[in-house]
Each structure stands twice: as C-alpha cells, then as structure tokens.
1. Please compute the length gained on full extension between L154 and R122, using 0.36 nm multiplied by the number of residues separating them and subtracting their Cα-Cα distance.
2. May I ask you to give the percent of accessible area on region 51-163 that is carbon plus sulfur, with a probe radius of 1.4 Å?
Amino acid sequence: MSGAEAADGASDGAEQDEVTVRDAISAPDAQGEPRRTTRRFPLFTRDTARPEGGGRAAPGDAPAPARQWPILTVLSAVALGLLLTALDVFRVGTILIGAALLAGAVMRWMLPSVGMLAVRSRFTDMVTYSVLGGAIVVLALMAQPNPVLEIPFLDDTLHFTVR
C-alpha cells in the first residue's frame with residue numbers, strides 16, 4: 001500500500017468513524033418541514049436545557065450582580081448567618097441561615113425569573129429550599145442550652161434509644 005493509498009484509507013476511516021445522529025422524522029408537514037414522530041429525547045444531547053425560571057432576573061444590559069440579585073440575596077444572608085454563628089451568636093445565626101433558604105423558596109415561587117437560584121424545576125427547588133430551611137430553623141430553635149422549642153416525643157425517643 002503506497003503512502004497516497006494509506007492517506008486515502010485514513011480519511012475513509014475518519015469519515016466512517018464520524019457519527020451522524022438524526023431524530024426520527026416523518027413525512028413533511030404543511031410547511032414542507034419534516035417533523036418529529038416521537039416525543040422521546042434524542043439519543044445524544046448537545047446541550048442542557050435551562051431550568052424553568054432560570055433566565056436573568058434583570059435585563060441583559062444590567063451589570064452581572066443586578067442580573068443575579070436573588071441568589072446574591074440568599075448567599076449574603078447565609079454569609080451573615082455564618083458570621084454570626086462564628087461570633088458565638090449561634091441561635092440567631094442558624095435561624096438566619098434557615099430563613100435565607102426559606103426566602104429562596106419564596107422567591108423561587110413568586111418570581112418568574114430568578115437567575116442562578118433556579119437549579120432544577122420550580123417545584124423541586126421550592127421543596128428542597130423549604131425542607132432544608134425549615135429543618136435548619138427547627139433545629140436551631142431546639143438547640144441546647146435553653147431550647148425555645150421542645151418536642152416531647154423526641155426526648156422520649158432519645159431516652160429510649162441512647163440512654
């Protein structure tokens with residue numbers, strides 16, 4: 001095999017290795033465009049869909065912080081809560097962290113576009129932020145010493161399992 005034949009064989013192999021992916025299509029529609037016959041997703045995806053509400057929270061010509069104000073609000077409140085916790089104001093700091101997550105859930109529910117605060121679907125984000133924020137607030141209220149919230153069956157459960 002000569003060098004030219006080897007080069008031709010290499011290019012033929014490269015053409016054969018290239019994968020062409022086509023969605024299932026049917027006969028053309030009224031406008032002459034082929035349409036999909038299946039609602040299944042294609043075998044290979046080329047990009048990731050943005051979650052619902054994942055658009056900018058401000059116009060595109062606004063500076064980046066203004067476009068992402070919902071996530072910056074939540075992160076700022078969490079940072080302040082962590083600072084308060086580090087400064088030995090534990091209960092107030094952890095309640096602020098939980099309240100920030102609850103505020104994120106409310107923003108995710110109320111606002112049509114929340115930028116990077118949208119991670120998954122609106123329902124999943126709301127449930128996740130609400131459950132985590134509520135759990136943090138309840139645990140902060142139950143923290144020792146001098147708990148603000150006492151749940152009697154938890155003390156009985158702890159007494160039965162550990163003590």
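1. Details: separation 32, 0.36 × 32 = 11.52 nm, distance 3.27 nm.
That works out to 8.2 nm of additional length.
2. Details: 5160 of 7130 Å².
Whole-percent figure for carbon plus sulfur exposure: 72.
The values are calculated or read from the model by the stated rules, or taken from the named source; none is laboratory data. Note that the structure is a prediction, hence the values are computed from the model and not measured. Ligands, DNA and RNA are excluded from the accessible area calculation, which covers all protein heavy atoms including side chains. Shrake-Rupley method; radii C 1.70, N 1.55, O 1.52, S 1.80 Å.
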